[in-house]
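Chemist: Let me begin by handing over the structure; questions about it come next.
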Amino acid sequence: MCGIAGIIHRDGSADIGAELTAMLQSMKHRGPDSTGYAMYGQPDDLVVVRFMLAEPNAMGGFGMDERLERNRAEVEARLAKIGADLATIESESGGYAFRATVRYGGDLKPLADYLEDIDGCEVLSLGNSLEIVKDLGDAETVYEQYQLGSLKGTHGIGHVRMATESDVDLASAHPYWAYPFADVSVVHNGQLTNYHVWRRRLERMGHRFQSECDSEIIAVYLAQQLENGMPLETAMKHSLDDFDGVFTYLVATGNELGVAKDEMAAKPLVLMETDDLVVMASEEIAIRALMGREVESRDPFEREVLTWQV
């Protein structure tokens with residue numbers, strides 16, 4: 001079933017981690033298996049790298065501590081070799097999740113590829129404002145594990161997942177970063193029935209994928225269109241013609257947030273908009289959890305595409 005949520009402040013930053021947590025926790029019934037956040041702060045000269053060195057399910061195994069320490073050292077060595085000046089690196093959530101900041105002016109793809117060649121390393125996000133955090137458990141669990149109360153930002157999207165056709169693991173958890181494009185992420189409720197067609201097309205263009213999830217296809221598709229100079233709203237409208245299936249998705253970039261529904265509009269989403277705030281979710285209960293009161297909301301129409309800028 002799954003649940004998605006998004007929020008954008010058009011008048012400055014806010015406690016984006018806490019706000020998304022309130023919304024996602026209210027939809028725990030839609031997906032208790034994993035929770036994920038894509039949060040955007042003010043752009044910085046530093047590149048933020050969020051990565052994992054092991055699946056949480058694997059923690060506690062024989063030799064795991066030594067493996068994590070060895071792989072962390074290898075990450076630092078490879079950053080230096082590729083010309084990325086490490087500013088900070090912090091371990092989170094039991095020692096398998098990490099947040100690093102680096103000074104790096106090169107192409108992100110070689111950097112991401114080089115790190116992901118390390119056994120067990122998965123780069124969750126790269127960018128000047130994007131940070132993806134995702135893990136097993138409900139929103140409150142992930143919020144506490146990663147101390148998201150200290151994370152401020154202008155906008156973000158989130159996802160609660162109910163595992164149906166795949167395992168309960170991080171590879172299947174949303175959001176998805178548009179590898180290797182900076183600061184583009186997607187959450188999605190639904191199914192693309194021509195997923196394999198588009199995966200092959202994008203692979204022929206030189207793209208690689210970190211998962212078997214159709215949501216990652218949406219992210220890379222949109223990022224490629226943006227790279228080609230297409231405005232986000234136009235790219236999203238094209239996606240409604242190119243993708244088959246029943247779906248509602250949210251996409252975020254460094255300065256925009258967008259929502260799109262397919263022509264059947266069977267996957268729910270409601271939104272509330274004021275002069276300085278836009279909030280949306282699979283259920284109105286999530287908006288009420290954030291606002292603390294009854295709200296006036298509306299459902300986007302069939303094939304409707306909406307975008308907002310910071």
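The numbers here are math on the coordinates, done by the rules we state, and not lab data. In this text, all values refer to a predicted model and were calculated from it rather than measured experimentally. Here Cβ is always computed from backbone atoms with ideal geometry, including for glycine, and neighbour counts include all displayed protein chains.
Chemist: Work out from phi, with θ = phi - 60° and the Karplus expression 6.51 cos²θ - 1.76 cosθ + 1.60, the ³J(HN,Hα) of each residue of the stretch 234-242, listed in order in whole Hz, and give x for Gly and Pro.
Modeler: Each residue of the stretch 234-242 in turn: 5, 4, 5, 5, 4, 4, 5, 7, 7 Hz.
Chemist: Could you work out the local net charge near Glu92, counting Lys and Arg as +1, Asp and Glu as -1, over the other residues with Cβ closer than 10 Å to its Cβ? Each step should come with its number before you reach the end.
Modeler: Working: positive: Arg50, Arg99; negative: Glu90, Asp135.
Overall, the nearby charge balance is 0.
Chemist: Next question, about the same structure. Apply the a/c threshold of 1.5 to the C-alpha gyration tensor of the stretch 171-213 and tell me whether it is rounded, prolate or oblate.
Modeler: Judged from the Cα gyration tensor, the stretch 171-213 comes out oblate (a/c at least 1.5, b/c at or above a/b).
Chemist: Under 17 Å from the Cα of Lys81, which lysines turn up, not counting those fewer than eight places away in the same chain?
Modeler: Lys109
Chemist: Could you tell me which label, among (1) 18.7; (2) 14.7; (3) 16.1, carries the value of mean projected area of the Cα convex hull in nm² calculated for this structure?
Modeler: (2)
Chemist: Quick one: Karplus J couplings for the stretch 142-155, per residue in order, coefficients 6.51, -1.76, 1.60, θ = phi - 60°, nearest Hz, x for Gly and Pro?
Modeler: Coupling constants for the stretch 142-155: 5, 4, 6, 4, 9, 6, 6, x, 8, 9, 9, x, 9, 7 Hz.
Chemist: Check which residues have an amide H placed less than 5 Å from Leu124's amide H, if you skip close sequence neighbours.
Modeler: Arg50, Phe51, Met52
Chemist: Separate question: What pairs from Lys237/Lys261; Lys237/Lys267; Lys134/Lys267; Lys152/Lys261 go past 20 Å between their alpha carbons?
Modeler: Values: Lys237/Lys261 10 Å; Lys237/Lys267 17 Å; Lys134/Lys267 23 Å; Lys152/Lys261 29 Å.
The pairs that break the limit, which is 20 Å between Cα atoms, are Lys134/Lys267; Lys152/Lys261.
Chemist: Figure the gain on full extension for Gln210 and Arg293 (residue separation times 0.36 nm, minus the Cα-Cα span) and round it to one decimal in nm.
Modeler: Details: separation 83, 0.36 × 83 = 29.88 nm, distance 3.97 nm.
Contour length minus the Cα-Cα distance gives 25.9 nm.
Chemist: Next up: Sort the following peptides by mean Cβ neighbour count (other Cβ atoms within 10 Å, averaged over residues), highest first: 239-252, 209-222. Mind showing how you got there, number by number?
Modeler: Values: 239-252: 20.4, 209-222: 22.4.
The packing order, highest mean first, is 209-222, 239-252.
Chemist: Kindly provide the helix-only [θ] at 222 nm of the chain, computed as the sum of -39,500 (n - 2.57) over DSSP H runs of four or more divided by all residues, to the nearest 500 deg cm²/dmol?
Modeler: Working: 8 runs with 88 residues, N = 310.
Using -39500 (n - 2.57) per qualifying helix, the result is -8500 deg cm²/dmol.
Chemist: Convert each backbone phi in the stretch 294-310 into a coupling constant with the Karplus relation 6.51 cos²θ - 1.76 cosθ + 1.60 (shift: θ = phi - 60°), then list the ³J(HN,Hα) values in order as whole Hz, x for Gly and Pro.
Modeler: Running phi through 6.51 cos²θ - 1.76 cosθ + 1.60 with θ = phi - 60° gives 5, 10, 9, 10, 9, 9, x, 7, 4, 6, 7, 10, 10, 9, 9, 10, 5 Hz.
Chemist: Please compute the length gained on full extension between Val246 and Ser91, using 0.36 nm multiplied by the number of residues separating them and subtracting their Cα-Cα distance.
Modeler: So the chain would gain 52.0 nm between Val246 and Ser91.
Chemist: Oh, and also: GluC sites (Glu not before Pro) within the stretch 239-310: which are DSSP loop residues with at most 13 other Cβ atoms inside 10 Å? Before the final figure, lay out each step's value.
Modeler: On the way: sites: Glu256, Glu263, Glu273, Glu283, Glu284, Glu294, Glu296, Glu302, Glu304; in loops: Glu263, Glu283, Glu294, Glu296, Glu302, Glu304.
Loop-located and lightly packed - Glu263, Glu294, Glu296, Glu302.
Chemist: Would you work out the charge dipole size for the chain about its Cα centre, treating the Cβ of every Lys and Arg as +1 and the Cβ of every Asp and Glu as -1, and quote it to the nearest 20 debye? List each step's numbers first, then the result.
Modeler: Working: 27 positive and 52 negative charges, 64 e Å.
Here the size comes out at about 300 debye.
Chemist: Quote the relative contact order of the chain in percent (integer), defining contacts as alpha-carbon pairs under 8 Å separated by 6+ residues. Before the final figure, lay out each step's value.
Modeler: On the way: 726 pairs, mean separation 80.0, N = 310.
Over the chain, the number comes to 26 percent.
Chemist: For the stretch 44-128, what is the charge dipole size about the Cα centre, in debye to the nearest 20, if Lys and Arg each add +1 at the Cβ and Asp and Glu each add -1 at the Cβ? Don't skip to the end; give the middle numbers.
Modeler: On the way: 9 positive and 17 negative charges, 20 e Å.
For this selection, approximately 100 debye.
Chemist: How far is the Cα center of the stretch 15-43 from the Cα center of the stretch 136-212, in Å?
Modeler: So the two Cα centres are separated by 13 Å.
Chemist: Can I ask one more? Ranked by Cβ crowding within 10 angstrom, fewest neighbours first, how are His238, His207 ordered? Mind dumping the intermediate values first?
Modeler: Details: His238 15, His207 20.
Listed from fewest to most nearby Cβ atoms, that is His238, His207.
Chemist: Quick check on the stretch 44-128: take the gyration tensor over C-alpha atoms, sort the square-rooted eigenvalues as a ≥ b ≥ c, and tell me if it's rounded (a/c under 1.5), prolate or oblate.
Modeler: Values: a/c = 2.07, a/b = 1.82, b/c = 1.14.
Note, shape of the stretch 44-128 comes out prolate.
Chemist: Could you work out the local net charge near Glu263, counting Lys and Arg as +1, Asp and Glu as -1, over the other residues with Cβ closer than 11 Å to its Cβ?
Modeler: Values: positive: Lys261, Arg303; negative: Asp241, Asp244, Asp262, Glu302, Glu304.
Summing Lys/Arg as +1 and Asp/Glu as -1 gives -3.
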